[in-house]
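Chemist: Can you read through this structure? Questions will come right after.
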Number of protein chains: 2
Amino acid sequence: MAASPFTTDTHPLIRHLASVATLSEEEKHALLSLPMQVMELRADQDIVREGDRPTRSCLILQGWACTFKMTGDGKRQIMGFHIAGNIPDLQSLHLTVLDSSLGTMSPCRVAFIQHEALHALCEQHYGIARALWRVTLADAAIFREWIMNVGRREAHSQLAHVLCEMLVRTKAVGLARDHTCEITVTQQELGDATGNSAVHVNRVLQQLRRDGLISLESKTLKALDWEALKAAGDFDPTYLHLKHPERDAA
Amino acid sequence: MAASPFTTDTHPLIRHLASVATLSEEEKHALLSLPMQVMELRADQDIVREGDRPTRSCLILQGWACTFKMTGDGKRQIMGFHIAGNIPDLQSLHLTVLDSSLGTMSPCRVAFIQHEALHALCEQHYGIARALWRVTLADAAIFREWIMNVGRREAHSQLAHVLCEMLVRTKAVGLARDHTCEITVTQQELGDATGNSAVHVNRVLQQLRRDGLISLESKTLKALDWEALKAAGDFDPTYLHLKHPERDAA
DNA sequence: CGAGTACTTGACACGTTTCAACATCCGTGG
DNA sequence: CCACGGATGTTGAAACGTGTCAAGTACTCG
């Protein structure tokens, strides 16, 4: 393990965990002393695939990734986006077979952590088990919200909703300011996340821009009218289960 | 707590937990000695509501329940169905505020378990924490599959898929035989689960019946052609993370 | 500078929604 | 036990959101 450029409180993992759970100093140090294998990945690469039986989980250190599946007839559905600090396949700690794939959306730096090491830490510090469990439950809450987004909202509202979520989640880990964040997502990916075609996403994004709600270009997403965007997306950040909602959601 | 009519291995909770996790005899006994407050509920009653901060979780002993949310403009989305043995709001053990509601679909017998008691058991037996964590992860896997179902499948396929899931899950806890189970679900509820209107569900169900895939009447669902139903629903039970897939899925 | 990827636009097809009317089932009270 | 009333299921026609196809434009990176 190389010397980390991060202190306890600036490490992406700790930033993310602290945004949804509570950790003691001792637990933070224990987490950061986990052996991690760091790798650089290009955009659009699979990290793990549906059907795999991994012996380690993947921590995103930098960049954007997503969980997805393919239907039998080749249509892709994205179930969630992942940013620095997230452990998108943490569930494989307890579920043997992966039921979905994980891929990069941008160039990414990721760290692999052996399940063995995580299990040991969880048995040793129940507080860490509780925090990681809580993180997986918050992830599940996001899945629930996405079911509603995909099932019961129109494309206009769906897109506003996922953009709101991206802004709040990046802000909660210190990656956004002034309703602005760096993001690497294609219109095809936004379509795969909302159950729409890329063509339709294109038209709806133009509408959102025309209405003065957002700007989205050259990898920068900006909410020009946050309140209106929230309203358009029927967005209430409660489901993100953030520890400091007032600070993170504003 | 009244004397239970169940032995260790016939209690719905143990049946369900054992279908997705591994428990020692000691852990089973510890779970069944949890203090539970049993209640009978009528159909279409809310058990807990979005926004609540419960101090207990709800174990379904008999009947069908569902998790749902309402959009800002009053459309309902069901995120999952629940049967005997499920603890649909187990996440409230670690997430303070409920982000979705839980309601009965049929008359139900439910048991409430105080979080306090569950926490104590989890700290005492790490195996129980691991099993309950795993159950919540399997629930999350179902949410992921539903995102795909709602986002990328057509109504015909969506309905076949949820019916397949119901048959496999009831079978896994001993509530189905010969691809047949007792079920209490209206066409409106199937629509709310798949993101369709009740009218369209009606037409699609007729098609499924006409094609000889199912019969669904007087609270009995029967797969008349299981292989064809699975194919229509693009159904692969891997995402249910059952311990005995060969036995349960057949 | 070239090539591939991402974005944009238009026309048409299709799945699904909505509305409205009607039939049927089922539990309940008389 | 029957009659009633509300919930549930059924049907048709028209409207609407979104998908598909196809062609063209504009990035972006090596």
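Chemist: Could you count how many residues in region A:190-213 are within 14 Å of chain B (Cβ to nearest Cβ) and either away from DNA strand C (no atom under 11 Å from the Cβ) or crowded, with 21+ Cβ neighbours inside 10 Å (or both)?
Modeler: 8
Chemist: Tell me the residue from B:GLY74, B:GLY80, B:GLY127 that is assigned to a strand (DSSP E or B) and within 14 Å of chain A (Cβ to nearest Cβ), please.
Modeler: Unique residue meeting the criteria: B:GLY80.
Chemist: Oh, and also: Whether any residue in region A:119-133 is outside the structural domain of A:VAL48 (by TED's automatic domain parsing), under 30 Å from A:MET39 (Cα atoms) and of a type outside the set (A, V, I, L, M) is what I want to check.
Modeler: No: zero hits.
Chemist: I'd like the full set of residues that are more than 27 Å from A:HIS244 (Cα to Cα) and more than 11 Å from DNA strand C (Cβ to nearest atom), limited to region A:168-189.
Modeler: none
Chemist: Being among the small types (Gly, Ala, Ser) and more than 10 Å from DNA strand C (Cβ to nearest atom) is the filter here; which residues of region B:214-224 pass it?
Modeler: B:SER215, B:ALA223
Chemist: In addition: Go through region B:139-152 and give me each residue that's more than 7 Å from chain A (Cβ to nearest Cβ) and under 30 Å from B:LEU32 (Cβ atoms).
Modeler: B:ILE142
Chemist: Would you say A:LEU159 is at pLDDT 95 or above, surrounded by fewer than 23 Cβ atoms within 10 Å (Cβ to Cβ) and either away from DNA strand C (no atom under 16 Å from the Cβ) or part of a helix (DSSP H, G or I) (or both)? Let's see the steps before the verdict.
Modeler: Details: at pLDDT 95 or above: yes; surrounded by fewer than 23 Cβ atoms within 10 Å (Cβ to Cβ): no; either away from DNA strand C (no atom under 16 Å from the Cβ) or part of a helix (DSSP H, G or I) (or both): yes.
In short, no.
Chemist: Right, next: Among the residues of region B:140-147, is there at least one that is of a type in the set (Asp, Glu) and in contact with a Lys or Arg (Cβ under 9 Å, 6 or more places away or on another chain)?
Modeler: Yes, region B:140-147 contains a residue that is of a type in the set (Asp, Glu) and in contact with a Lys or Arg (Cβ under 9 Å, 6 or more places away or on another chain).
Chemist: OK, next. Taking region A:36-51 as the search range and keeping residues that are assigned to a strand (DSSP E or B) and hydrophobic (A, V, I, L, M, F, W, C), which one is farthest from DNA strand C (Cβ to nearest atom)?
Modeler: If we take residues in region A:36-51 being assigned to a strand (DSSP E or B) and hydrophobic (A, V, I, L, M, F, W, C), then A:VAL38 is farthest from DNA strand C (Cβ to nearest atom).
Chemist: What residue, among those in region B:201-229 that are part of a helix (DSSP H, G or I) and in contact with a helix residue (DSSP H, G or I) (Cβ under 6 Å, 6 or more places away or on another chain), is nearest to DNA strand D (Cβ to nearest atom)?
Modeler: Checked region B:201-229; the qualifying residue nearest to DNA strand D (Cβ to nearest atom) is B:ASN202.
The values are calculated or read from the model by the stated rules, or taken from the named source; none is laboratory data. Not measured: the values here are computed from a predicted model. Virtual Cβ from ideal backbone geometry, glycine too; neighbours counted across all protein chains shown.
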